[in-house]
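Accompanying notes for the structure given below.
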Amino acid sequence: MFWADRIAQEIQNRYSGDIKAGRPLIIRDEKTVSGRVHVGSMRGVAIHGAISEALKEQGAVNSFLYEFNDFDPMDDVPEYLPREVYEPYLGRPLRNIPPPEASAKNYAEYFANDFHAAIKHAGFDPKTYWGSELYLSGKMDGVIKEALEHAHIIRQIYKAVSGSVREEGWLPINVICPTCGKVTTTQATDFDGKSVKVHCVVNKVAYTKGCGYEGRIEPYGGTAKLPWKVEWAAKWKVNKVLVEGAGKDHSTRGGARDVANHISREVFHYEPPFDIPYEFLLVGGAKMSSSKGRGSGASEIAELLPTKVFRLALLHKDINQQFNFDPYGDTIPTLYDLYDKLAANFKSGVEDDYARLFTLAHVQPPAREETSDFLMRFSQVAFLVQMPHLILLKEAQALKGTPLTEIEKKEIEERARYARKWLDQYAPEKFIFKLQESLPNGSRELTKEQKEALRVLLKDLEIEYPEKGELMHTLLRAIPERPAIKLSPRDFFTAIYIIFLDKDSGPQAGWFLAALPKDFVLKRLREVAA
């Protein structure tokens, strides 16, 4: 059973009473928009979104909420922004910081809009809201009061569950300084049932200075926020959340989820939601950070892939498996190859997890009869768009052997658009090709064995020239096997690539040569044979 369906069934078993009573299951996820949101953050969106879709298919009414957390403070300046401009705003809530450009009202909205576009492109449509709305509207006032009244219990939980010690008198509230607007520099004590004593400490944190303000503040209506582990549990209660997962690092014993679970039960008297601890989407083998600028932006990657391949990237691994997404490597061609295999499996009528994954990759799954029999490999398309003398659809039709359908033409043209973007911005050198108009200098390094094999190829082609790629490939493969040729197949194909592309590797050689003009191929081989 595919992982999304399996988890959806587990959720239904846990909340069967709510489902029978007609109460919608609330699924929630969030992201603090501290900067450009990396593509790794799409993993959480996709996991929660796919489970929401699976539940709906199984008849369980649910609502997927997604929070853009704009009330957390800025604790560092991303490396792609001018430090001298944003350093004065360190310690302030993200919503109270100006945007990098005038296209948004504030800093948080600027980066959230960019991420929201990626979410939409992936075909997910959660109900979005701002974290600050919960505070400014007063929805958080009740849980703030509960937390302050049970501060001693929260201190005990921190110590017992995570080993973190909070000094006597510490309160689980971060007040926004009414003078300097910072939240990370304030310290709250002495809750009297209505207000707290606040001190904006000059040297409380290393990255910004407090202003020294002292006074009393009523911590409601957006004047303060809960620390995040307490806040996490509080948001479950306020939003009536029943399903919410997070990265596996939060779900370790003594971790943030463990602390939040205890606070939820012991302070807010709310049963924690169904947990979905999941592995990360990595780039270059490393977990990414929005504030540190590591990793490819979600919106940038979304622009590199059509929705169906973007969703496939996010959903094809089980939640317990990591996925390394590297746009500068083989990831994108490999994803297309996987899509093509899934499409062929789906077309065959097989009912299995691969067919299920294929349908989930589409916002509107195609009917089997609408699925194309012919999908040109992305790597082939990427090669052809670099060959100005070749007509893409003509070469695709020659490869297929029969006329292309309109669906096939549309798919090939779509792949060409995305291939050009990838080639322009990310593709590694091994995918970049330029047909050499004259015999390249690299041909001087060919061994006598390689030159002899190319002479044999020339003679064969002068006798009979295969017009189809598979026939050309058969001819090529047979040459190194001849007793008179003292050359490995690899060295033979390397020689072909060198004289035409000035590289030691390339696309499938038979298809490549068959796609080139016959006169051009023969002329180049004669130049080598001379």
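The values are calculated or read from the model by the stated rules, or taken from the named source; none is laboratory data. Quantities reported herein were computed from a predicted structural model and do not represent experimental measurements. Counting neighbours? That spans all protein chains shown, and the Cβs are built from the backbone with ideal geometry, glycine included. Side chains are part of the model used for accessible areas, which takes the heavy atoms of the whole protein and leaves out ligands, DNA and RNA. Shrake-Rupley method; radii C 1.70, N 1.55, O 1.52, S 1.80 Å.
General remarks:
- Test: S137 is under 28 Å from S264 (Cα atoms), open to solvent by 10 Å² or more (accessible area, probe 1.4 Å) and not acidic (D, E): yes
- Taken over the range 111-123, the criterion of being open to solvent by 10 Å² or more (accessible area, probe 1.4 Å) and in contact (Cβ under 8 Å) with a residue 60 or more places away in the chain is satisfied by F111, D114, A117, H121, G123.
- Selection of the range 20-56 for residues being open to solvent by 10 Å² or more (accessible area, probe 1.4 Å), in a helix (DSSP H, G or I) and either under 19 Å from S299 (Cα atoms) or at pLDDT 95 or above (or both) yields G40, S41, E53, K56.
- Selection over the range 200-214 of residues that are open to solvent by 30 Å² or more (accessible area, probe 1.4 Å), among the hydrophobic types (A, V, I, L, M, F, W, C) and free of Cβ contacts under 8 Å to residues at least 40 places away in the same chain gives a count of 4.
- Test: E10 is on the phi < 0 side of the Ramachandran plot, among the charged types (D, E, K, R), touching a Phe, Trp or Tyr at 6+ places or on another chain (Cβ under 9 Å) and in a helix (DSSP H, G or I): yes
- Test: I407 is farther than 23 Å from A4 by Cβ, in contact with an Asp or Glu (Cβ under 9 Å, 6 or more places away or on another chain) and aliphatic (A, V, I, L, M): yes
- When V241 is tested against the conditions (1) part of a loop (DSSP other than H, G, I, E, B); (2) open to solvent by 60 Å² or more (accessible area, probe 1.4 Å), the lone failure is (2).
- Hits in the range 502-530 - residues which are farther than 14 Å from L390 by Cβ and either more than 36 Å from the chain's Cα centre (by Cα) or assigned to a helix (DSSP H, G or I) (or both): A509, G510, D519, L522, K523, R524, L525, R526, E527, V528, A529, A530
- Cβ separations smaller than 8 Å between residues 6+ apart or across chains give no pair from the range 164-178 residues that are at positive phi and surrounded by 14 or more Cβ atoms within 10 Å (Cβ to Cβ) to residues that are of a type in the set (A, V, I, L, M, F, W, C) and part of a loop (DSSP other than H, G, I, E, B).
- Considering P82, P78, the condition of being over 20 Å from P126 (Cα atoms), open to solvent by less than 10 Å² (accessible area, probe 1.4 Å) and not charged (D, E, K, R) is satisfied by P78 alone.
- With respect to the conditions (1) within 28 Å of the chain's Cα centre (by Cα); (2) open to solvent by less than 10 Å² (accessible area, probe 1.4 Å), F268 falls short on a single one, namely (1).
- For the range 292-330, the candidate set comprises residues that are open to solvent by less than 20 Å² (accessible area, probe 1.4 Å) and of a type in the set (V, I, T); within that set, the residue that is nearest to K421 (Cα to Cα) is I301.
- Looking only at residues in the range 215-238 that are assigned to a loop (DSSP other than H, G, I, E, B) and either open to solvent by 20 Å² or more (accessible area, probe 1.4 Å) or out of contact with any helix residue (DSSP H, G or I) (no Cβ under 8 Å at 6 or more places or on another chain) (or both), the one that is nearest to G181 (Cα to Cα) is T223.
- Within the range 470-486, residues that are in a loop (DSSP other than H, G, I, E, B) reach partners that are modelled with pLDDT under 95 and small (G, A, S) with beta carbons closer than 7 Å, at six or more positions or on different chains, in the pairs I485/A453.
- Residue count for the range 85-105, restricted to those that are surrounded by fewer than 19 Cβ atoms within 10 Å (Cβ to Cβ) and assigned to a loop (DSSP other than H, G, I, E, B): 8
- Scanning the range 179-193 for residues that are free of Cβ contacts under 8 Å to residues at least 60 places away in the same chain and either in contact with an Asp or Glu (Cβ under 6 Å, 6 or more places away or on another chain) or surrounded by 24 or more Cβ atoms within 10 Å (Cβ to Cβ) (or both) gives a single hit, T186.
- Subset of the range 33-43 [within 29 Å of Q12 (Cα to Cα) and more than 9 Å from the chain's Cα centre (by Cα)]: none
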